[in-house]
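The values are calculated or read from the model by the stated rules, or taken from the named source; none is laboratory data. As the structure is a computational prediction, the values presented were derived from the model and not from experiment. Please note: Cβ atoms are built from the backbone with ideal geometry, for glycine as well, and neighbour counts cover all protein chains shown. What goes into the accessible areas is simple: the full protein's heavy atoms, side chains included, and nothing from ligands, DNA or RNA. Shrake-Rupley method; radii C 1.70, N 1.55, O 1.52, S 1.80 Å.
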Protein chains: 2
Amino acid sequence: MAEPKENLQMEKIVSLCKRRGFIFQSSEIYGGINGFWDYGPLGAELKRNVKELWWNTMTRQRDDVAGLEATIIMSPQIWKASGHVDTFSDPMCDCKKCKRRFRADQLCEDQGLTLTKDASGKFVLPPGTKCTNCDSTDLTEPRPFNLMFKTYVGPVESEDSVAYLRPETAQAIFAQFKNVLETSRQKVPFGIGQIGKAFRNEVTPRNYTFRSREFEQMELEFFIKPDEAVEAIHGSVVTVPETGHPGEPQPNWGWQAWHQYWVEERVRFYEGIGLSRDTLGFHRQTADELAHYARACVDILFKFPFSKRDEKGELKGEELEGIAARSDFDLSQHQRFSGKPMSVFDEELRTAWGKLPKEKQDDLWRRYYENRKKYLTKTGVADEAAQKQATDDANALAKGSYIPHVIEPSAGVDRLILALITNAYTEATKTDDKGKSETLYTMKFHPRVAPIKVGVLPLLKNKPDLVKKALTVRDLLRPWLNVYYDDGGSIGKRYARQDEAGTPFCVTIDFDTLGEKPELLDTVTIRHRDDGRQERLKISELLDFLLSKVR
Amino acid sequence: MAEPKENLQMEKIVSLCKRRGFIFQSSEIYGGINGFWDYGPLGAELKRNVKELWWNTMTRQRDDVAGLEATIIMSPQIWKASGHVDTFSDPMCDCKKCKRRFRADQLCEDQGLTLTKDASGKFVLPPGTKCTNCDSTDLTEPRPFNLMFKTYVGPVESEDSVAYLRPETAQAIFAQFKNVLETSRQKVPFGIGQIGKAFRNEVTPRNYTFRSREFEQMELEFFIKPDEAVEAIHGSVVTVPETGHPGEPQPNWGWQAWHQYWVEERVRFYEGIGLSRDTLGFHRQTADELAHYARACVDILFKFPFSKRDEKGELKGEELEGIAARSDFDLSQHQRFSGKPMSVFDEELRTAWGKLPKEKQDDLWRRYYENRKKYLTKTGVADEAAQKQATDDANALAKGSYIPHVIEPSAGVDRLILALITNAYTEATKTDDKGKSETLYTMKFHPRVAPIKVGVLPLLKNKPDLVKKALTVRDLLRPWLNVYYDDGGSIGKRYARQDEAGTPFCVTIDFDTLGEKPELLDTVTIRHRDDGRQERLKISELLDFLLSKVR
């Protein structure tokens, strides 16, 4: 359970977010709707900046990633292939006395208990589990509740017209893999990135915007050659240490090196927007936690005030992003369910294979065969059919064809926004000459994500020359940066307003700008948000200075 | 009906969009899902550029507009207040013989007939209407089909948990009006802008991406003072001619001037991204067409190949954007349904009112009263209650309070993308020395929206010095522009590829760049897409040159 101090901090953050227009409750005038949150003017800018940075870093700045923007409603077949129709559910139970409904795992956790499974795999409440509303122990057994929002497409409501709001953006990337491959001149290894809304009908949304029912994801699916193909081409597969950045991608990397590469690239991304390594946590999933098809998954965590603590009393953190090595599971599933081939042909592999000694061929063939057979068996294909299919697959490998494996860095936008807000939040108490004290809030956003980059402030509102000059400065900067022009109230008040908005720089136009001190003509004061430091800069140097800070 | 030539052009555009990765059918590997379209790598960039330009132009570049990003699923109360639950429907009828389902108005239109209404307001098929599938005239009478996608929020499917996917983004802006006003330091007149997905369960999606079930909108709600308030403050209300841009906003503008201002601002936007005035059409809604609360609405049309023709045989065009003067209807409805006040207090009005002669006060009071009463009566408030409420409202006006009126420029992203693609599409036949001819396609996008801004091409792939230099140029430009690096195939082939992608500039790095002709050291060839013109430019001048063209 979070400490009272941390609850208080969360409350203050929520309050500032509302007061300054970062985050509002959706449909607030109608009493709200549980699990849905709107972004106000500052929040919308913050979110746009984060998404734009991700898109730039992950797609535009790279030759080896293409973008995609798919629909939220897709063919329901996609969710059968992905397993979401059958298994994307949370265990849910009801209190028979007060009729309150709970997510069974959370209900247990809140009482220091753990939800368990019986021999047949069914969830069972541990003895003594109580309703946290009325203390009754008369609870229904947990049953699965599918988290996908359901709707009907077209004018008839029937089983044939059922569709789902996507619970993740990833599947569209797999479904469009071939179209993108064929139109983008990419070759494996390459990735497809997408940003977009996703929906999960959480039984109990909680922790402010952290777990909401409508949210946004930034996902990359990075397609790589299976290790057997890399080994056939390059003689061996390079693996890298499990810590530290492995450097520029190499042709002889296997899945493990690519996975480690993406973990470190993503950490660099977070560091680049102000989340230093010490604010983050890492969780490498254990064999027990991993999905049957996954080879590894590292979660990047952020230490929120509401995060649980470990045995040593340290905040453990909550997941911002998971980077999973998902083998060739996803494309294989879509190949099986759609009947459309998802394999790629690799000329280099075909040539290399032909030159391998027979034992090497046999060894690679057998290992590939085993992996394919394991996948097929695990997903319910009968033994004989699985053997036949795996044989075909291994024969195809020998001829240069394979289904790519995938590394998936999958980030949640809204939880990242909440992490950035939490990380930026600072308060300080200022006492004036008369002993009266007030609390000042500063949102110390990294300039790259700050909603407003610069405040432009004429010293006085009622001096036309100052105002005119200030508007010139505003118009000089505005095509390049988000500028907030403010002429209302004392300079101190205006600084404080920009501090709360997280604006890293304020530019003040005063009489020296107009040449009262001739040597200061056409210079302005730049004030730095985090330490209040002020310096004098020529207007002609202003744009370059600011661009160097915010890009 | 579209001419065969125009059908053919549409087919070619659809084919190029698929082949080059602009637009794919959603869930194509599963046979698709009717009315849903994905954007491939080039389409996703094009769409991002358009949305970014709208956001910049409409919010960041203006002091008087704030942004918002609200959820797709909101309280269902919002759609009761807006009228969508009761009236957002299309007339639908079935063929009793072949069971095909139609949108009744489209079914009639396709046969040169017009759907009519009987005395009670019910839709009636004109005599002789046939099923276009099986020619039967045995059709059901039209009945309303609500176009909102329905779902359930939370673990119980009941009337209490019904929610809708928003059919437009506008309502969230009205619902959050007070929150934005209170947190953004804006004062009327000001606007709130939003970009986001919306959903309509069209009975028969058609015309490629033009009418789809999932689409994106860019909407501004610009809140203004009621004319009576403007007149009280400024003595009179300025109106402006119905054509031409009225210039910078003035404090004494009434709704008509603001409306005309936004029509012209929006036309400028389209001109600024390559849709010249002659590609657009305009439709000023007649009194019959306007909603009861609307004072005017101008639709900006684009002439698509599938557009209908008028009596003179000219393409009429299809709606890209509607700019509506919606009076104070929207905020008034939310005030009534939520019980939360939507009025603003205007100190300037209160002061001015006190100084007005009694007759003027009475005149303004009465006109405001009449407008409010008309709204209340039209929306079903009983006469006595409407009189009382309108009296209260007019008394509030006299004390400086009113519900703002609104001008709404509402644009569809996807139809704009389709307009840009249609407008950009050109083909030319080239015949070589041997008499062999091929068709070349060029997408003449305005550089501001072009998915790729510049192709960087080393003359030869197998000369390390050329490649190294080309990569330097790529890395110089990439932080600022979307660059495509291409070293595959002849220069001619690579130019042709970029022409099809709509890339306005290609930069070629050749031996002169490396100093073979010393005077050309560190210069490159820039090739212009639309006329094939080439010029030589210093690498050091390249970024500024390109930025001046694409921004």
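Quick look at the numbers
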quantity	calculated
Given (1) of a type in the set (A, V, I, L, M, F, W, C); (2) under 30 Å from residue A:272 (Cβ atoms); (3) more than 24 Å from the chain's Cα centre (by Cα), number of the condition residue A:22 does not satisfy	(3)
Tally of residues being surrounded by fewer than 16 Cβ atoms within 10 Å (Cβ to Cβ) and within 16 Å of residue B:470 (Cβ to Cβ) across region B:496-521	4
Counted residues, region A:198-222 - those being facing chain B (nearest Cβ under 9 Å) and among the aromatic types (Phe, Trp, Tyr)	1
Some residue of region B:228-239 being within 11 Å of chain A (Cβ to nearest Cβ) and of a type in the set (S, T, N, Q)	no
Selection from region A:511-532 of residues that are under 17 Å from residue A:477 (Cβ atoms) and more than 31 Å from the chain's Cα centre (by Cα)	A:513, A:522, A:523, A:524, A:525, A:526, A:527
Region B:291-315 - residue that is assigned to a loop (DSSP other than H, G, I, E, B) and touching a strand residue (DSSP E or B) at 6+ places or on another chain (Cβ under 6 Å) and, of those, farthest from residue B:412 (Cα to Cα)	B:295
Pairs, first within 7 Å of another protein chain (Cβ to nearest Cβ) in region A:475-490, second open to solvent by 10 Å² or more (accessible area, probe 1.4 Å) and among the acidic types (Asp, Glu), C-beta under 7 Å, six or more apart	A:482/A:45; A:485/B:63
Residue A:301 vs. criteria touching a helix residue (DSSP H, G or I) at 6+ places or on another chain (Cβ under 6 Å), surrounded by 19 or more Cβ atoms within 10 Å (Cβ to Cβ) and more than 14 Å from chain B (Cβ to nearest Cβ)	no
Cβ pairs under 6 Å, 6+ apart, first in region B:94-116 and under 23 Å from residue B:309 (Cβ atoms), second part of a helix (DSSP H, G or I)	B:114/B:108; B:115/B:104; B:115/B:105; B:115/B:108
Lone unmet requirement of (1) closer than 30 Å to residue A:87 by Cβ; (2) out of contact with any helix residue (DSSP H, G or I) (no Cβ under 6 Å at 6 or more places or on another chain); (3) surrounded by 15 or more Cβ atoms within 10 Å (Cβ to Cβ) for residue A:403	(2)
When residues of region A:63-89 are limited to those that are within 9 Å of chain B (Cβ to nearest Cβ) and open to solvent by 20 Å² or more (accessible area, probe 1.4 Å), the one farthest from residue A:329 (Cα to Cα)	A:63
Members of region A:40-56 that are of a type in the set (S, T, N, Q) and either under 10 Å from residue A:452 (Cα atoms) or more than 10 Å from chain B (Cβ to nearest Cβ) (or both)	A:49
Looking only at region B:144-197, and only at residues there that are of a type in the set (D, E, K, R) and within 10 Å of chain A (Cβ to nearest Cβ), the one that is surrounded by the most Cβ atoms within 10 Å (Cβ to Cβ)	B:178
Residue check, residue A:430 open to solvent by 10 Å² or more (accessible area, probe 1.4 Å), in a helix (DSSP H, G or I) and of a type in the set (Lys, Arg)	no
Subset of region B:23-36 (residues that are more than 7 Å from chain A (Cβ to nearest Cβ), open to solvent by 40 Å² or more (accessible area, probe 1.4 Å) and not in a loop (DSSP other than H, G, I, E, B))	B:25
Any hit, region B:62-72, residues being assigned to a helix (DSSP H, G or I) and out of contact with any helix residue (DSSP H, G or I) (no Cβ under 6 Å at 6 or more places or on another chain)	no
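One line per residue, one yes/no per condition, for (1) modelled with pLDDT under 95; (2) farther than 29 Å from residue A:17 by Cα; (3) among the small types (Gly, Ala, Ser):
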{"site": "A:446", "(1), (2), (3)": "no, no, no"}
{"site": "A:454", "(1), (2), (3)": "no, no, no"}
{"site": "A:465", "(1), (2), (3)": "no, yes, no"}
{"site": "A:474", "(1), (2), (3)": "no, no, no"}
{"site": "A:501", "(1), (2), (3)": "no, no, yes"}
{"site": "A:511", "(1), (2), (3)": "no, yes, no"}
{"site": "A:515", "(1), (2), (3)": "no, yes, yes"}
{"site": "A:519", "(1), (2), (3)": "no, yes, no"}
{"site": "A:529", "(1), (2), (3)": "no, no, no"}
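So that you can scan it fast, the table gives a plain yes or no per residue for (1) in a strand (DSSP E or B); (2) open to solvent by less than 20 Å² (accessible area, probe 1.4 Å):
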{"site": "A:391", "(1), (2)": "no, no"}
{"site": "A:416", "(1), (2)": "no, yes"}
{"site": "A:419", "(1), (2)": "no, yes"}
{"site": "A:440", "(1), (2)": "yes, no"}
{"site": "A:452", "(1), (2)": "no, yes"}
{"site": "A:457", "(1), (2)": "yes, yes"}
{"site": "A:467", "(1), (2)": "no, no"}
